[in-house]
1. Looking at 400, 382, can you tell me which residue is surrounded by 16 or more Cβ atoms within 10 Å (Cβ to Cβ) and closer than 29 Å to residue 276 by Cβ?
2. So how many residues does region 164-175 have that are without any contact (Cβ under 8 Å) to a residue 24 or more places away in the chain and either part of a helix (DSSP H, G or I) or within 16 Å of the ligand (Cβ to nearest atom) (or both)?
3. Which of the residues belonging to region 304-320 are without any contact (Cβ under 8 Å) to a residue 40 or more places away in the chain and either within 21 Å of the chain's Cα centre (by Cα) or surrounded by 15 or more Cβ atoms within 10 Å (Cβ to Cβ) (or both)?
4. Among 76, 108, 57, which is on the phi < 0 side of the Ramachandran plot and part of a helix (DSSP H, G or I)?
5. Could you tell me which of the residues 339, 368 is outside any helix (DSSP H, G or I) and more than 16 Å from the ligand (Cβ to nearest atom)?
6. If you go through region 235-247 one residue at a time, do you hit one that is surrounded by fewer than 22 Cβ atoms within 10 Å (Cβ to Cβ), at pLDDT 95 or above and under 24 Å from residue 333 (Cβ atoms)?
7. Scan region 111-120 and tell me whether some residue there is touching a strand residue (DSSP E or B) at 6+ places or on another chain (Cβ under 7 Å), touching a residue at least 60 places away in the same chain (Cβ under 8 Å) and within 16 Å of the ligand (Cβ to nearest atom).
Ligand code: GLY
């Protein structure tokens, strides 16, 4: 009896020690990464000066110098989003003020209808603002932005048009209603707009678009086609192809990460188990195709038999299996959330391992280097010969989001 009580007490003490050292390790990791990201972003802010509509950080050039874009590109919302996550991680007013300033510089975009990326542009900025430091005008701006995005929805195709016009890489097909898997990410703003305004229209558009994505972008193994072009008279699919992936039949890893993240969000917003099932199966495809270091190649099928880049795509002459840290960061953040809904401990473990790898010297830059971005080694669009093995502002955004999600995770506390 005495022996078993002693044994029981020893186990309790030992597991307490182990648990404590896990907490300690986790807290140290979060603290160190937060401090680094804050210091690096300070340098970025010094370099940028005040927001002027044209200086949203995107990547670096061949000399390693910062490249910025104007606000009409698809990426201006990410830098304000990074500032919001730094505010969330540090609770320092300095970051809130910077985040407000950079977010509010994007207000003119609320009426923008030139492409589908308004969700990235306005939700990563104003969406985070609304959650972390709400103001009534932020909500009005989000609803107006959702209205602008909805103007690209077509009832016949049951989809939001991503781009206005595109040609296939072999030059043989013209697309007038191209939809890309990335578009799943713009739907979160529509759910927010329905909640704010009470107008279910935005919610319904998000659901119809997601359902079309399941029907037309996903293969039987839950890998994905990047682009689907629709006939706007019949609503039928004209062609399935790629724009940023290796070949029309390949799976572009960032696109697959958008799918996992997008359907996890769909489940959160609707509680429809169909979306959870899609998120899980597309995540499983992603995970079972990962290399040992858990950082995805830029396309899962580069150089494989049965896959061939075509025409003007730069992938025709370049088929190195480069890593894409941006795809890894998106997937990492998505897995933290999906792990909760799917009750799959292995997703959370994978997310922690991915985050640890991204934060290692293999992917995290040194202070003051890498154009003052946090992560190295992403691929923007290899077929377009742009941003190959470069930092990308959205890789940093999802890295910081993953850090926030890791911090919020209660299991280890
Ligand atoms: N269009 C978004 C991306 O490049 O992932």
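1. Going through 400, 382 in turn, the sole match is 400.
2. Residues that pass the stated criteria total 1.
3. The answer is 316, and nothing else.
4. On the way: 76 fails: part of a helix (DSSP H, G or I); 57 fails: part of a helix (DSSP H, G or I).
Just a single option satisfies the conditions, and that option is 108.
5. Values: 339 fails: outside any helix (DSSP H, G or I).
So the residue among 339, 368 that is outside any helix (DSSP H, G or I) and more than 16 Å from the ligand (Cβ to nearest atom) is 368.
6. So the first thing to find is which residues in region 235-247 are surrounded by fewer than 22 Cβ atoms within 10 Å (Cβ to Cβ), and the list is 235-240.
Filter once more, so that each one left must be at pLDDT 95 or above: 235-240.
When the remaining residues are screened for being under 24 Å from residue 333 (Cβ atoms), the result is none.
Looking through region 235-247, none of the residues is surrounded by fewer than 22 Cβ atoms within 10 Å (Cβ to Cβ), at pLDDT 95 or above and under 24 Å from residue 333 (Cβ atoms).
7. Taking every residue of region 111-120 in turn, at least one turns out to be touching a strand residue (DSSP E or B) at 6+ places or on another chain (Cβ under 7 Å), touching a residue at least 60 places away in the same chain (Cβ under 8 Å) and within 16 Å of the ligand (Cβ to nearest atom).
The values are calculated or read from the model by the stated rules, or taken from the named source; none is laboratory data. What you see is a predicted model, and the numbers here were worked out from it, not measured in a lab. As a convention, Cβ positions derive from the backbone with ideal geometry for all residues, glycine included, and neighbour counts pool all protein chains shown.
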